[in-house]
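Where a number appears in this text, it was derived from the coordinates with a stated rule and is not lab data. Every value quoted in this text rests on a predicted model; they were computed, and no experiment measured them. With ideal geometry, Cβ positions are generated from the backbone for all residues, glycine too; neighbour counts draw on all protein chains shown.
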Amino acid sequence: MDYPLDLSVTPEVEAFFDPESNTFSYVVKDPASDACAVIDSVMDIDYAAGRIAFEHADQIIEYIRSNGLTLEWIIETHVHADHLSAAPYIQDKLGGRIGIGEKICVVQDVFGKIFNEGTEFQRDGSQFDRLFRDGDTYTIGTMAAFTMYTPGHTPACMTHVIGNAAFVGDTLFMPDGGSARADFPGGDAGDLYDSIQKVLSLPDEMRLLMCHDYGPGGREVQYETTVAEEKANNIHVGHGTSREEFIKMRTERDATLNMPRLIIPSLQVNMRAGEVPKDAQGNPMLKVPINGLQRRTE
Ligand SMILES: [Fe+2]
């Protein structure tokens, strides 16, 4: 695939950190206009209490409003398993189109079964405004952006490249963090290795913006690196790690990891583009499939 690279454009990137899920959300602004995009927003949840709130999203909304920006896109790099998206809440306040990778249909099919969703749950991605394919282009004001299909962590992961900045989702972590797990239903360590190589084939100076950082070794959280730094120093894929070595390492490591605390609410909400599901009476309600996730991940 020949991607339409344009390193001459430097988008203005504002990062918002959610310490509950160690997620970075971004506002990405066109330097030549007031247009912006939001990438990977977070809805707050107190799962024990069944309570949702929008403090994190309100910070982003306030930033966009106070800077007089126009929100054109609300992007999800993938269906997150560790936090809930605030995309519909932000769209309701500020407009913009919600976009995700077209393979969302695969994710909806897999988790539609796990959560025993009825036929009213559409598995065609129609909850989203735009489904991106590999190499698709779109604009944020005057800025050109394109998508790279980077599956492995999930089957629907996309990297969004906007000027000289690539938003990699969970395809890569900071060099000392390595890579994300590949053991969720539909994930694949070999695919993840191939996707990482695709990202690392971008120009050395390309900025890489992370979706997560866990501050390994107690350091401050960080969210930005470059292709050159990842190639040289990434602890899972740097130094020319082979595909076989990576798959072995990733598979062994994933077998030791617990499910993310919020995977059950996150998937039900995020596969609906951030809408909370409703019961037969129309009340917002979440399900817990007993032994459903484990059975299918073994
Ligand atoms: Fe993720």
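Data table
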{"read-out": "Average silhouette area of the stretch 103-219, convex hull of alpha-carbon atoms, in square nanometres", "value": "8.9 nm²"}
{"read-out": "Volume of the Cα convex hull of the stretch 1-119, divided per residue and given in Å³", "value": "144 Å³"}
{"read-out": "Sorted peptide list for 275-287, 239-251, criterion being average Cβ within 10 angstrom, highest first", "value": "239-251, 275-287"}
{"read-out": "Positive minus negative residues near Ser179 (Lys, Arg vs Asp, Glu; Cβ under 11 Å)", "value": "0"}
{"read-out": "In Hz, Karplus ³J(HN,Hα) per residue of the stretch 149-158 (6.51, -1.76, 1.60; θ = phi - 60°; x = Gly, Pro)", "value": "6, 10, x, x, 5, 9, x, 10, 5, 10"}
{"read-out": "5 angstrom amide H check on Ala166, placed H, neighbours 5+ away", "value": "Arg207, Leu208, Leu209"}
{"read-out": "Taking only Cα atoms of the stretch 178-238, radius of gyration then Dmax in Å", "value": "12.2, 34"}
{"read-out": "Value of [θ]222 nm, deg cm²/dmol, for the chain, DSSP H segments ≥ 4, -39500 (n - 2.57) each, nearest 500", "value": "-7500 deg cm²/dmol"}
{"read-out": "Ascending count of other beta-carbon atoms within 10 Å, so fewest first, for His160, His212", "value": "His212, His160"}
{"read-out": "5 angstrom amide H check on Ile74, placed H, neighbours 5+ away", "value": "Val38, Arg97, Ile98, Gly99"}
{"read-out": "Residue order, fewest to most surrounding Cβ atoms within 10 angstrom, among Ser195, Ser201, Ser21, Ser66", "value": "Ser66, Ser201, Ser21, Ser195"}
{"read-out": "5 angstrom amide H check on Ile140, placed H, neighbours 5+ away", "value": "Ala145"}
{"read-out": "Cleavage-rule hits (GluC sites (Glu not before Pro)) in the stretch 79-166: DSSP loop, at most 14 neighbouring Cβ within 10 angstrom", "value": "Glu120"}
{"read-out": "In Å, descending, principal axis extents of the Cα set of the stretch 12-297", "value": "55, 48, 36"}
{"read-out": "Whole-Hz ³J(HN,Hα) from phi, Karplus 6.51 cos²θ - 1.76 cosθ + 1.60, for the stretch 211-221, glycine and proline x", "value": "8, 9, 8, 10, x, x, x, x, 6, 4, 5"}
{"read-out": "Whole-Hz couplings from phi, Karplus 6.51/-1.76/1.60, listed for the stretch 35-45; x for Gly and Pro", "value": "6, 8, 10, 10, 10, 6, 6, 10, 9, 7, 9"}
